[in-house]
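A short write-up of the structure that comes next.
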Amino acid sequence: MAAPSLKKIAYHTLQQGKTLAGLAHKELSTKLMEVFAPGATPGNFPINQDLIKEVRRSMENLENIDWREAEAGVYPKSQLFEAPWLEWAKKYPLVWLDMPQTWQRRKKNKTREIPKIVNEEDYPEYYLQNFHHQTDGYLSDHSAEIYDLQVEILFNGTADSMRRRVLSPLKRGLKKYLYKGSKKIKVLDIATGTGRTLQQIQSALPQVELYGLDLSGSYLKQASKYLSSRSGDLVQLTKGNAEKMPYASASFQALTCVFLFHELPRDARQNVLNECFRLLEPGGILVLADSIQIEDSPKFTPIMENFHKIFHEPYYRDYIVDNINLRLEKSGFSSITSESHFMTKVWKANKPV
Ligand SMILES: C[S@@+](CC[C@H](N)C(=O)[O-])C[C@H]1O[C@@H](n2cnc3c(N)ncnc32)[C@H](O)[C@@H]1O
């Protein structure tokens, strides 16, 4: 077997470093929470040694596929090192400063503390909550500023590797359009948040015209800042509800949607899929990524249950048992496949020609 290249060693070291930093942060913050907000500590499901081994194996598999797909040219290797370190270092103290408020919200079970200036009529009722107990929900610049770092910590540095799993099915699905090379290929990332998936698509498919949609103006501002600091064409960002998107029917060749569905009630999940079907041209492809589900990852059930217990995620429990395949079929999609990578499940579905 050939020795691993320096770049692979660097990537492995980076991932290990991120994992250790994430674990250390969580260990310390849990200890502090126990001291300063004792009632906020939830009674977790125990994670036994076998499960810890399984988690390690699963993270290793994720790292391996991430490396292999970069080597195969699905995306540039530079993506593996894509992180605004300086900015994150500046924001890390903000994450700590925000924590006492989060603990209090958790302790007092306050889950609807949304900024007063928000006009509640502009949003669906299910959106006006402090998902993850985060300050202001998705509705402030402060929340948007620290979101990426919070997610990196939550997933021990694997968030971007999990998001990247949409790129291979997306590229395969777009192959027929790429060969034709005639008209411009349009791809929309739904619930784009701070734009990390858009940046990944841009680096893997620089020739496509990119669009991003989200309900949060603050998160879109953050996405705009992030994307304009990277190379690539202008991305068109729009504020809107994924249940009723402001685009013409059949106007996209591909859609992606990452980490939205677990934060939606059932009806909204179906509405979004119906909208996705409407927006795609016949032959177009949808790539969906979200949390793993109990059916295909039963060993990870205690982790999923703990996620639901620790963080305010009101629709997660329903999501992990929801039959998304059936929902995709109900909307009209065909050729549906799915695969799981660490904590993320990725679906690919086609709009029939
Ligand atoms: C967990 S975050 C995921 C963001 C991003 N895709 C990522 O990978 O980090 C969920 C995002 O969905 C957005 N969102 C929630 N409900 C929405 C809806 N009905 N329509 C559009 N965006 C929505 C939120 O504003 C937030 O940015």
(request) For ALA250, list long-range residues whose amide hydrogen, built 1.01 Å from N in the peptide plane, is under 5 Å from its own amide hydrogen. (result) LEU279, LEU280
(request) Take the cross-link list LYS26/LYS107; LYS110/LYS309; LYS221/LYS244; LYS171/LYS345; LYS175/LYS225 and give me the ones stretching past 19 Å between alpha-carbons. (result) LYS221/LYS244; LYS175/LYS225
(request) With θ set to phi - 60°, apply the Karplus curve 6.51 cos²θ - 1.76 cosθ + 1.60 along region 287-304 and write out the HN-Hα couplings as whole Hz, x wherever there is a Gly or Pro. (result) 10, 10, 10, 7, 4, 4, 10, 5, 4, 9, 10, x, 4, 8, 3, x, 5, 5
(request) For the chain, compute Rh as the Kirkwood radius over C-alpha pairs and then the Stokes-Einstein diffusion coefficient at 25 °C and 0.890 mPa s; write the answer in µm²/s, rounded to an integer. (result) 117 µm²/s
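Over 29 Å between Cα atoms: which of LYS53/LYS330; LYS77/LYS351; LYS18/LYS299 fall into that group?
Table pairs above 29 Å Cα-Cα are LYS53/LYS330; LYS77/LYS351.
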(message) Can you say what percent of the DSSP beta bridges in the chain, counting only those with both residues inside, are antiparallel? Round to 5.
(response) 40 percent
(message) How big is region 159-350 along each principal axis, measuring the range of its Cα positions in Å and listing the largest first?
(response) 48, 35, 28
(request) Among TRP67, ILE294, LEU51, flag the residue with its Cα farthest along the positive direction of the charge dipole of the chain, charges on Cβ as +1 for Lys/Arg and -1 for Asp/Glu. (result) TRP67
(request) Report the full-extension gain for the segment ALA10 to LYS90: residue separation times 0.36 nm, less the Cα-Cα distance, to one decimal in nm. (result) 26.5 nm
(request) Sum -39500 (n - 2.57) across every DSSP H segment of at least 4 residues in the chain, then divide by the residue count to get the 222 nm mean residue ellipticity, nearest 500. (result) -15000 deg cm²/dmol
(request) Using label points projected 7 Å from each Cα along Cα→Cβ, tell me how many nm separate LYS244 and LYS107, to one decimal. (result) 4.1 nm
(request) Identify all aspartates and glutamates with a Cα-Cα distance to LYS31 below 18 Å; exclude those on the same chain that are fewer than 8 residues away in sequence. (result) ASP98
(message) Among 264-272, 135-143, how do they line up by average Cβ neighbours within 10 Å per residue, starting with the highest?
(response) 135-143, 264-272
(request) Give me the distance between the Cα centres of region 1-72 and region 186-254, rounded to whole Å. (result) 29 Å
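Laboratory data are not the source of any read-out in this text; all were calculated from the coordinates shown. Everything numeric here is computed off the predicted structure, so don't read it as measured data. We place every Cβ from the backbone using ideal geometry, glycine too, and count neighbours over all the protein chains shown.
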